[in-house]
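Student: Just passing along the structure, written as structure tokens.
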Amino acid sequence: MAGTGVLCTDISHTVMLVPRLKYSGILLDGIIDSLQEARDSLHTSNKRLADCEELGKCEWEALKSEAAVMSALEAITKIKRKAGQISGVMSIPEVLPASIQVVRTVSASLYEMMPDCSQRLSELSVHLGSIVLDSAAITQARFDFGRSNSESSDLLDEAKLIADSKLKKQYPNLDFSEADTV
């Protein structure tokens, strides 16, 4: 009978994860919508820069803001795709740990530019963290923080490369190496 109590506890814990996973999905959707709106707005205001060959400090800052939002959007979209790979409680400790660090990094990068979005990302990281910890307790999973850090770093690097590539296509006349010297 003792085994039955453990099974009931595991099932109740599993059931408790579902609402938090759904809420995390809702948060992700809202964050992605906000990032898309910000990206579109920045692109519209920066569109005039596409024909320029030289820019001043203000123009470079505007492009850096667009690049930051594009990179954040790429990263969070990848997190949403990863979350979509969850097929059950056993897959959570494999799929989500690296996502938490990505969400926190993106939140920090948007703190001054988009404080509301940064706040929602912080809330998302708390929910994802609790989901990962609870699922690990249920499944008796162990974490490899080195692997998780490497995965999150790779994901952020990939998102930045994609965003930089898109930005260079949108503004082909600009030499982005100048952005760091202005």
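Student: Of all accessible surface on the range 65-108 at a 1.4 Å probe, what whole percent is carbon and sulfur?
Tutor: Carbon plus sulfur share of accessible area: 53 percent.
Student: What lysines sit close enough to Lys80 to cross-link, taking a C-alpha to C-alpha distance under 29 Å and skipping anything fewer than 8 places away on the same chain?
Tutor: Hits, sequence-local ones excluded: Lys22, Lys47, Lys64, Lys160, Lys166, Lys168, Lys169.
Student: Give me the 1.4 Å probe accessible area per residue for the range 78-132, excluding ligands and nucleic acids, in Å².
Tutor: I get 48 Å² per residue for the range 78-132.
Student: Of all the stretches in the chain, which is the longest one without any exposed loop site, taking GluC sites (Glu not before Pro) in a DSSP loop (any state but H, G, I, E, B) with at most 16 other Cβ atoms within 10 Å?
Tutor: It runs 113-182.
Student: Protein chains only, probe 1.4 Å: how do Asp164, Asp144 rank by accessible area, largest first?
Tutor: So the residues, ranked largest to smallest area, are Asp144, Asp164.
Student: Mind checking the range 83-170 for trypsin sites (Lys or Arg not before Pro) that DSSP puts in a loop (not H, G, I, E or B) and that have at most 10 other Cβ atoms within 10 Å?
Tutor: Those that pass, being in a loop and sparsely packed, are Arg142.
The values are calculated or read from the model by the stated rules, or taken from the named source; none is laboratory data. On a predicted model such as this, the values are computed, not experimentally measured, just so you know. Note that we place each Cβ from the backbone using ideal geometry, even for glycine, and neighbour counts take in every protein chain shown. Surface areas here come from the heavy atoms of the whole protein model, side chains and all, with no ligands, DNA or RNA. Shrake-Rupley method; radii C 1.70, N 1.55, O 1.52, S 1.80 Å.
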